[in-house]
Structure formats: structure tokens, C-alpha cells
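Engineer: Take this structure first; my questions come after.
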Amino acid sequence: MAAFLRSKCSSVGRTLMGSSSVEAVTRLSHCDAISQQIRTFIQMRTNLKVVDNSGAKRVMCIQAKRGKYGARLGDTIVGSVKEAQPRGKVKKGDVVYGVVVRAAMKKGRSDGSEVQFDDNAIVLVNNKGELIGTRVFGPVPHELRKKKHLKILALAEHIV
């Protein structure tokens, strides 16, 4: 992806040689906008880090269970395990449910502050909503309390 963006920007830079200065400024800002990472909803084919001890390391989202555009903090998704530990509870290729506990997209709070994480992460649950793992690693936002995921908050190391 980064290589694609880099090549796209370099081709834009090459086409600027014979253009006027006004066009060069607008195209360079467009190139900068392309190279920045856009943080959006968690949607189909988004790779997520698994932050519990269920045995999975990475999950790819198949479907967001709620929302027209995708999943946000506290939403449930259906995913496929792409990387797993050798003797875990889940195996590579398993279709699992998960609750989004960290999202790179900003989430506004009622006090005016915003919460944003560096990565997208989930905790694996079964189809009844019960946790598969017994530990949750890393920070977890307190917005999960509104979504009735109290067990995740109880097992989390740090609540943000």
C-alpha cells in the first residue's frame, strides 16, 4: 500500500515538470492528502489485532454486525482468523465474533474530549457474547460500559 502511494505521488511529481506554479501547488497538496493515512470505520477486509489470550493474533473483518458504514468502538464484528498461535483455542481459518476495543478512528465524548488509538484491536467472543480468552491486554475505553461489555472492562489492564 505504501509503495502504491509512493509511486502514485512520484508520478504526480513527474507530471508537474511542465505545468504552471498554481497547478503544482494544488497537485502537491493532493499528493500529501493521498500519502496521509485515512482513519475510517472498521469495514470489510480490515485487519485487526487480537488483544486477548484466545490464541488468535490477527483477524480480518468479514462483516460489521451494526452500522451502515462499519463498526466503531464496542460494536461486534464477524471475522476470519488469519494468524494464530500453535496451541490456542482458535485456529487459522476459523470464523469468529469479536468486540472492537480499540479503533484508530476518533470517537467524541460527551465532555468534549476525543479518544483515538494507534491501532484497531478486538477481543474474541462466542455467538452469545461470552469471552473466549481469559485476559485482555492493553488499554480499553470506558465506552464499552454503555455497550454492556462489562466483562471486558473487568479483565482489562487499563481503562482509558
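Engineer: Out of all the residues in region 95-110, which are over 17 Å from the mean Cα position of the chain (by Cα) and either modelled with pLDDT under 95 or small (Gly, Ala, Ser) (or both)? Before you say what the answer is, go through the steps one by one.
Structural biologist: From region 95-110, those over 17 Å from the mean Cα position of the chain (by Cα) are 95, 109-110; that's our starting set.
Those that are over 17 Å from the mean Cα position of the chain (by Cα) and either modelled with pLDDT under 95 or small (Gly, Ala, Ser) (or both): 109, 110.
Engineer: When you go through 39, 14 one by one, which is the residue that is out of contact with any Asp or Glu (no Cβ under 9 Å at 6 or more places or on another chain) and either small (Gly, Ala, Ser) or at pLDDT 50 or above (or both)?
Structural biologist: One residue alone meets the criteria, 39.
Engineer: Residue 67: assigned to a loop (DSSP other than H, G, I, E, B) and over 19 Å from residue 137 (Cα atoms), yes or no? First the steps, then the outcome.
Structural biologist: On the way: assigned to a loop (DSSP other than H, G, I, E, B): yes; over 19 Å from residue 137 (Cα atoms): yes.
Here the answer is yes, as residue 67 does meet what is asked.
Engineer: Are any residues in region 89-111 within 21 Å of residue 140 (Cβ to Cβ) and outside any strand (DSSP E or B), and if so, which ones?
Structural biologist: So in region 89-111, the residues within 21 Å of residue 140 (Cβ to Cβ) come out as 89-90, 96-111.
Selection gives 89, 90, 103, 104, 105, 106, 109, 110, 111.
Engineer: Got at least one residue in region 134-141 being part of a strand (DSSP E or B) and of a type in the set (Gly, Ala, Ser)?
Structural biologist: Quick first cut of region 134-141, residues part of a strand (DSSP E or B) only: 136-140.
If we keep only those that are of a type in the set (Gly, Ala, Ser) too, we end up with 138.
Yes - at least one qualifying residue is present in region 134-141.
Engineer: Moving to a separate point now. Which count do you get for residues in region 92-134 that are of a type in the set (Gly, Ala, Ser) and touching a Pro at 6+ places or on another chain (Cβ under 8 Å)? Lay out the reasoning, then the answer.
Structural biologist: Quick first cut of region 92-134, residues of a type in the set (Gly, Ala, Ser) only: 93, 98, 103-104, 108, 110, 112-113, 121, 129, 133.
From what is left, the residues that are touching a Pro at 6+ places or on another chain (Cβ under 8 Å) are none.
Number satisfying all stated conditions: 0.
Engineer: Among the residues of region 45-59, write down those that are farther than 16 Å from residue 94 by Cβ and open to solvent by 10 Å² or more (accessible area, probe 1.4 Å).
Structural biologist: Looking only at region 45-59, we keep the residues that are farther than 16 Å from residue 94 by Cβ, and these are 45-46, 49, 51.
Correct list: 45, 46, 49.
Engineer: Quick one: residue 136 ticks every box in (1) at positive phi; (2) open to solvent by less than 10 Å² (accessible area, probe 1.4 Å) except a single one, so which number is it?
Structural biologist: In the conditions (1) at positive phi; (2) open to solvent by less than 10 Å² (accessible area, probe 1.4 Å), residue 136 misses (1) alone.
Engineer: I've got another one for you. Can you find a residue that is touching a Lys or Arg at 6+ places or on another chain (Cβ under 7 Å), in a loop (DSSP other than H, G, I, E, B) and farther than 15 Å from residue 51 by Cβ anywhere in region 113-132? Full working, then the answer.
Structural biologist: Applying the first criterion (touching a Lys or Arg at 6+ places or on another chain (Cβ under 7 Å)) to region 113-132 yields 114-117, 119-121, 131-132.
Still in the running and in a loop (DSSP other than H, G, I, E, B): 116-117, 119-120, 132.
Of the ones still in play, those that are also farther than 15 Å from residue 51 by Cβ are 116.
Yes; the residues of region 113-132 include at least one that is touching a Lys or Arg at 6+ places or on another chain (Cβ under 7 Å), in a loop (DSSP other than H, G, I, E, B) and farther than 15 Å from residue 51 by Cβ.
Engineer: I would also like to ask the following. Is it the case that some residue within region 23-30 is of a type in the set (D, E, K, R), modelled with pLDDT under 95 and either farther than 21 Å from residue 152 by Cβ or in contact with a helix residue (DSSP H, G or I) (Cβ under 9 Å, 6 or more places away or on another chain) (or both)?
Structural biologist: Step one: of region 23-30, the residues of a type in the set (D, E, K, R) are 23, 27.
Filter once more, so that each one left must be modelled with pLDDT under 95: 23, 27.
Next, only the ones that are either farther than 21 Å from residue 152 by Cβ or in contact with a helix residue (DSSP H, G or I) (Cβ under 9 Å, 6 or more places away or on another chain) (or both) stay: 23, 27.
Yes: region 23-30 contains one or more residues that are of a type in the set (D, E, K, R), modelled with pLDDT under 95 and either farther than 21 Å from residue 152 by Cβ or in contact with a helix residue (DSSP H, G or I) (Cβ under 9 Å, 6 or more places away or on another chain) (or both).
Engineer: If you scan region 70-86, which residues turn out to be under 19 Å from residue 140 (Cα atoms) and either in contact with a Cys (Cβ under 9 Å, 6 or more places away or on another chain) or without any contact (Cβ under 8 Å) to a residue 12 or more places away in the chain (or both)? Step through it out loud before you land on a result.
Structural biologist: Of region 70-86, the ones under 19 Å from residue 140 (Cα atoms) are 71-77.
Within region 70-86, 71, 77 qualify.
Every residue, every condition in (1) under 20 Å from the mean Cα position of the chain (by Cα); (2) among the hydroxyl-bearing types (Ser, Thr, Tyr); (3) surrounded by fewer than 20 Cβ atoms within 10 Å (Cβ to Cβ); (4) more than 19 Å from residue 44 (Cβ to Cβ), yes or no:
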position: 75; (1), (2), (3), (4): yes, no, yes, no
position: 124; (1), (2), (3), (4): yes, no, no, no
position: 151; (1), (2), (3), (4): no, no, yes, yes
position: 156; (1), (2), (3), (4): yes, no, no, yes
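The values are calculated or read from the model by the stated rules, or taken from the named source; none is laboratory data. Predicted model, so just to flag it, every value in this text is computed and none were measured. Because the Cβ atoms are built from the backbone with ideal geometry, glycine has one as well, and the counts that use them run over all protein chains shown. Heavy atoms of the whole protein, side chains included, go into the accessibility calculation; ligands, DNA and RNA do not. Shrake-Rupley method; radii C 1.70, N 1.55, O 1.52, S 1.80 Å.
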